[in-house]
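What follows is a single structure, written as structure tokens, with notes after it.
The values are calculated or read from the model by the stated rules, or taken from the named source; none is laboratory data. The structure displayed is predicted, hence computed values, not measured ones. In this analysis, Cβ positions are derived from the backbone assuming ideal geometry, glycine residues included, and neighbour counts consider all displayed protein chains. Only protein heavy atoms, including side chains, enter the accessible area calculation; ligands, DNA and RNA are left aside. Shrake-Rupley method; radii C 1.70, N 1.55, O 1.52, S 1.80 Å.
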Amino acid sequence: MMKSKKINRKLAVPEAAPLVLSLRSVGYTLETALADIIDNSIAAKATEIHIDVKWNKELDYISVRDNGYGMNEDNLHQAMKIGSKNPIDPRSHDDLGRFGMGLKTAAFSLCKRLTVGSKLLGSNAICVRVWDIDNIMDSNRWELFDDSSTSAWKDALSRFGNYGQGTIVVMEKLDRLITENYSDQAIGRFWQRIADMEKHLSMVFHRFLSGAQAIHIFLNGQKIESWDPFMRKSLATQEFREEFLECNGKSVCAHAFILPHHSKLSVKEYDEAGGASGWLEQQGFYVYRNKRLLVPGTWFKMLRKNEPGQLARIQLDLTGDMDFGWKIDVKKSSAAPPSMLRERIRRIARTAQEASRKVYYYRGAVVNQQIKAEDNDAIWEQASVRGRTFFRINRNHAILKDAGSELSADAAKKLNTFISLVEGFAPMNASLTGPVTGESSQKNELIDSAASFCSDLIDAGYSSCEALRKVLQISIYEGMAEDIKNKLQL
Ligand SMILES: Nc1ncnc2c1ncn2[C@@H]1O[C@H](COP(=O)(O)OP(=O)(O)OP(=O)(O)O)[C@@H](O)[C@H]1O
Ligand SMILES: [Mg+2]
């Protein structure tokens, strides 16, 4: 008989120097790195976050300071370790973290020296920990300093003093960001990158930056405004009903929006709504995890991005307990649906792309082009429905647009529903009766619009019976009861 060999265990601890160098290249961009650091501030319940970016001849650093609940010395020490938390441990429902890596990997992708200071409420002392990659390279050891005296740290810290509690993250020796000598051109390029980063943050955190409980993020003292991909405040945005996709006992919410035809937007509105990557790129699903945007526009390789589909944007809400099913990555910038959901997601995608196509190719329905000028003063505009003239309220009227932009998304939607009611029951539109003629696609469009109007009324508080009755009283929707019921599954 063969004698079995005794198996020994030998430690194989990762080498500090090569590992830290590899961690610098996990693929963050300036935008995704800053977003990951801000995630931590939001998870710590900060209401105010300041990003300070400095680059002059004497000083260069980026700091992120917040008034969140901070950390004590032990927690800070733990937080600075690579892999400070176990990714399989449950997290609170609003935690934006998962892997115990983000702070370090994001910072190392930009800089060689990371200093974190933190203060708990009621404590005057700020505890400090510093990683310096040059030191790790020299010593090949994970040596963490407990203080810093660099001018960047002092400069950043001088702005942090006023908070009763909070955390400050300072990134110095920005060798991955500042790769050129100080010159006018290099400075211009640097600040352009910072401006791009600002756009990204206003998109990624837009749901935190608006609303009653809004938090405030400042970049060098300037407030970052929220950028809503769905133009919820625009009265011309079409909103679909939310759909809930069940998978393994968890529910994902999909909420589709079709953005307005470009003729309904001013040049400025159109440019802004295109977003950081432009209209074509920004179509598709917007994947959120605990309200934080991970992916701004993807069809998950199920459909191609195309021009007519560019008005379709679909909010997809995930929670933090779906991370592994959806393959969320450390950088919080990618996700893929579990195979069980792919068919339903594909169907939602197709429906939204088709709805976008209809709006995109919308032409000629407005009869009187003269009164369709973007900033016109006309109250009514004429459209053609079933070959007859139909009057509708000019959604581009300056006062209406102005009022709409000041309303919450919910109030804007209700106002829009009310305006549709006014149009439907306007005496001059009452004579539009008769069977639907023309192409079947035209009829389908009319059914879609009746069904979406009916669902808006239900959202506004009508019962489904009342909403249906109201819609059927509108002459152009006469006789469509069954179609609407089928469409809405009433
Ligand atoms: N600004 C902050 N305020 C309070 N605690 C913080 C702050 N930043 C980091 N921490 C603490 O440090 C820990 C480590 O942060 P890190 O970003 O490295 O990992 P994570 O957030 O746990 O997970 P992920 O890798 O997914 O971001 C956090 O879990 C949190 O406890
Ligand atoms: Mg984190």
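Taking the criterion of being over 20 Å from the mean Cα position of the chain (by Cα), of a type in the set (A, V, I, L, M, F, W, C) and surrounded by fewer than 19 Cβ atoms within 10 Å (Cβ to Cβ), would at least one residue in segment 66-76 satisfy it? So far as segment 66-76 goes, no, none of its residues is over 20 Å from the mean Cα position of the chain (by Cα), of a type in the set (A, V, I, L, M, F, W, C) and surrounded by fewer than 19 Cβ atoms within 10 Å (Cβ to Cβ). A Cβ distance below 6 Å, combined with a sequence gap of six or more or placement on separate chains, defines the contacts here; from segment 214-236, residues that are at pLDDT 95 or above reach residues that are part of a loop (DSSP other than H, G, I, E, B) and open to solvent by 30 Å² or more (accessible area, probe 1.4 Å) in the pairs ILE215/THR47; ILE215/PHE208; SER226/SER210.
Would you say VAL13 is part of a loop (DSSP other than H, G, I, E, B), farther than 19 Å from HIS216 by Cα and within 16 Å of ligand 2 (Cβ to nearest atom)? Criteria not met by VAL13.
Of the listed requirements (1) part of a strand (DSSP E or B); (2) free of Cβ contacts under 8 Å to residues at least 60 places away in the same chain; (3) open to solvent by 30 Å² or more (accessible area, probe 1.4 Å), PRO296 misses just one: (2). Within segment 36-80, the set of residues being within 18 Å of CYS111 (Cβ to Cβ), in a loop (DSSP other than H, G, I, E, B) and not aliphatic (A, V, I, L, M) comprises ASN56, GLU58. Number of residues in segment 85-102 that are surrounded by fewer than 16 Cβ atoms within 10 Å (Cβ to Cβ) and either within 9 Å of ligand 2 (Cβ to nearest atom) or not charged (D, E, K, R) (or both): the value is 6.
The single condition among (1) more than 16 Å from ligand 2 (Cβ to nearest atom); (2) under 16 Å from the mean Cα position of the chain (by Cα); (3) within 25 Å of LEU120 (Cα to Cα) that ARG207 does not meet is (3). Please work out which residue is nearest to ligand 2 (Cβ to nearest atom), limiting yourself to segment 109-122 and to residues that are in a loop (DSSP other than H, G, I, E, B) and among the small types (Gly, Ala, Ser). Among them, the one singled out is SER109. Counting only residues that are aliphatic (A, V, I, L, M), within 9 Å of ligand 1 (Cβ to nearest atom) and not in a helix (DSSP H, G or I), segment 81-108 holds 3 of them. Among the residues examined, LYS54 does not qualify as under 30 Å from ALA195 (Cα atoms), within 16 Å of ligand 2 (Cβ to nearest atom) and in contact with a strand residue (DSSP E or B) (Cβ under 8 Å, 6 or more places away or on another chain). Listed by position, the helices (runs of 4 or more DSSP H) inside segment 130-232 whose residues that are under 30 Å from GLN315 (Cα atoms) and open to solvent by less than 20 Å² (accessible area, probe 1.4 Å) number at least 1 are 184-204.
Taking every residue in segment 390-408 that is assigned by TED's automatic domain parsing to the domain that holds LEU446 and closer than 23 Å to MET428 by Cα and pairing it with any residue that is among the aromatic types (Phe, Trp, Tyr) and open to solvent by 30 Å² or more (accessible area, probe 1.4 Å), at least 6 positions away or on another chain, the pairs with Cβ-Cβ distances below 6 Å are PHE391/TRP380. Only one entry of ARG159, ARG189 meets the criterion of being in contact (Cβ under 8 Å) with a residue 24 or more places away in the chain and under 33 Å from the mean Cα position of the chain (by Cα), and that entry is ARG159.
Here's the yes/no breakdown for (1) acidic (Asp, Glu); (2) at pLDDT 95 or above; (3) assigned by TED's automatic domain parsing to the domain that holds ILE217:
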position	(1), (2), (3)
MET2	no, no, no
ASN8	no, no, no
VAL26	no, no, yes
THR29	no, yes, yes
THR32	no, yes, yes
ILE37	no, yes, yes
ILE42	no, yes, yes
GLU48	yes, yes, yes
